[in-house]
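One structure is given below, encoded as structure tokens.
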Amino acid sequence: MTEHVRSWYAASANPHAPFPRFEGEARCDVAVVGGGYTGLSAALHLAERGYDVILLEGQRIGWGASGRNGGQVVTAYNRSMAQLEGWVGKDDARKLWDMNEEAKSLLRDRVARHDIRCDLKWGYILAALKRRHVAELRETLAEWRAYGYEQARMLSRAETRQLVSCEQYVGGLLDSGSGQLHPLNYALGLAEAARQAGARLYEDSLVQRLDQGDPCVLHTARGKVTANHVILAGNAYLNRISPDVDRIVRPKIMPVSTYMIATEPLGENRAAAVLPGDMAVADINFVLNYYRLSADKRMLFGGGVSYSNLNRPDMQRVMRRTMLKFFPSLADVRIEYCWHGFVGITINRTPHFGRVAPNVYFAHGFSGHGVALTGLAGKLMAEAVAGTAERFDVFARIPHRPFPGGRLFRMPALVLAMAWYRLRDLL
């Protein structure tokens, strides 16, 4: 069975037994494809509603982005609420805001109710590297306040540096309603909660083909599952399992590689000197950097996006160099882990929800905001299966376009576009 990629998350994962491989034939109410946050949340909510659920994961639970991400729980979306209002109208934008806040509350509730040991804590800083960034953060705060959000405030240069020992920052926005967690342990906790609720979870059970119909049939290497409903939760790792999936779902999502490094433990005093506020931090460059301290006081530093989807063996050196631009005092610290994985982005950087068929749902493309939103996506798809799709359809009304260039040229086109944004960040 495939193991998790080598990372600090895998090395510090809570003890967990593997789930079995699916073999033979089975029937269920709902089949879930993908064992990340979206699929696990859907399986948990459906099982709690009394549905017979089978979840099929091609690798290990939390093997993809759900087990490798930056672990940052963030407010709002990767686009402004003004942009969302322009796309869906003020009423639906208000619903989207409220559901995003619900997503964070849902995460908090799941961790507490199921006693998921994932180092969840709150406090998050959006850091400004330029005066332009300060102005953008003020606009963000004003927009959040217009939606009634009172958990954030601006930070002066001095206040920012009291929380983050970085000379480059000229200000920031402190959000006490956002936070951080251990992503793989959160996924493993959701899996155990779903199992206890009655869902049947399988690993090393890649869905190779989906035969749509009423019911649907899902084929793996060693068996098949017949289901009345199907939830597609593969996100950036969803393979080509049916012509409709290839036509409707895949053209509107792009897998993008992102990287993280973990230092050796810094010790209490040194960690406190680097990040006195012990909060998650991200700058607001288009190609952003993000970081936080682990429970054992390592620096976990992420960024280094690659839009070519090719693994870069030099990324540990590149990421270390970037980290030292912010924290030159860590020059003598060893890097003990470096890993990468795919996140799913859409052209407009907002989640893409929809249906491949009346009984086949999908949600993907969370574009860096998936730690909380994926849990809500699973809940909304469970509601839709149960016959109440109004909230799911609010997300489904966000307009999405396929990436230009088709299968052959969309990656080079994106690489060129991102080169422009990188230049803009530098300037």
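Computed from the coordinates by the stated procedures, all read-outs in this text should not be read as laboratory data. All of these numbers come straight from a predicted model, not from anything done at the bench. Here Cβ is always computed from backbone atoms with ideal geometry, including for glycine, and neighbour counts include all displayed protein chains.
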For region 218-226, does any single residue satisfy the condition of being touching a Gly at 6+ places or on another chain (Cβ under 8 Å), charged (D, E, K, R) and outside any strand (DSSP E or B)?
yes
With (1) touching a Ser or Thr at 6+ places or on another chain (Cβ under 9 Å); (2) surrounded by 15 or more Cβ atoms within 10 Å (Cβ to Cβ); (3) not polar (S, T, N, Q) as the list, and residue 118 as the residue in question, which single condition is left unmet?
(1)
When region 78-99 is checked residue by residue, the ones that are outside any helix (DSSP H, G or I) and farther than 30 Å from residue 6 by Cα are 79, 80, 89
Per-region count, region 187-244, residues among the aromatic types (Phe, Trp, Tyr) and under 21 Å from the mean Cα position of the chain (by Cα):
1
Suppose we filter 107, 155 for residues that are touching a strand residue (DSSP E or B) at 6+ places or on another chain (Cβ under 9 Å), among the hydrophobic types (A, V, I, L, M, F, W, C), buried (at least 20 other Cβ atoms within 10 Å of the Cβ) and within 26 Å of residue 379 (Cβ to Cβ); which single one remains?
107
Kindly indicate the residue of region 356-367 that is surrounded by 23 or more Cβ atoms within 10 Å (Cβ to Cβ) and in contact with a Leu (Cβ under 8 Å, 6 or more places away or on another chain) and also farthest from residue 231 (Cα to Cα) among those meeting that condition.
366
Out of everything in region 356-382 that is assigned to a helix (DSSP H, G or I) and β-branched (Val, Ile, Thr), what residue ends up being nearest to residue 33 (Cα to Cα)?
374
Against the conditions (1) part of a strand (DSSP E or B); (2) farther than 21 Å from residue 210 by Cα; (3) of a type in the set (Gly, Ala, Ser), where does residue 50 fall short? Just the number, please.
(1)
Determine which single condition residue 87 fails, assuming it passes every other condition in (1) on the phi > 0 side of the Ramachandran plot; (2) touching a residue at least 24 places away in the same chain (Cβ under 8 Å); (3) surrounded by fewer than 22 Cβ atoms within 10 Å (Cβ to Cβ).
(1)
Take the conditions in a strand (DSSP E or B) and surrounded by fewer than 21 Cβ atoms within 10 Å (Cβ to Cβ) and apply them to residue 353. Does it pass?
no
Report, by residue number, each residue of region 1-39 that is surrounded by 24 or more Cβ atoms within 10 Å (Cβ to Cβ), touching a helix residue (DSSP H, G or I) at 6+ places or on another chain (Cβ under 9 Å) and either acidic (Asp, Glu) or outside any loop (DSSP other than H, G, I, E, B) (or both).
9, 30, 32, 33, 37, 38, 39
Index of the failed condition, residue 244 passing every other in (1) out of contact with any Ser or Thr (no Cβ under 6 Å at 6 or more places or on another chain); (2) assigned to a loop (DSSP other than H, G, I, E, B)
(2)
Out of 331, 382, 295, which single residue is closer than 30 Å to residue 230 by Cβ and among the aliphatic types (A, V, I, L, M)?
382
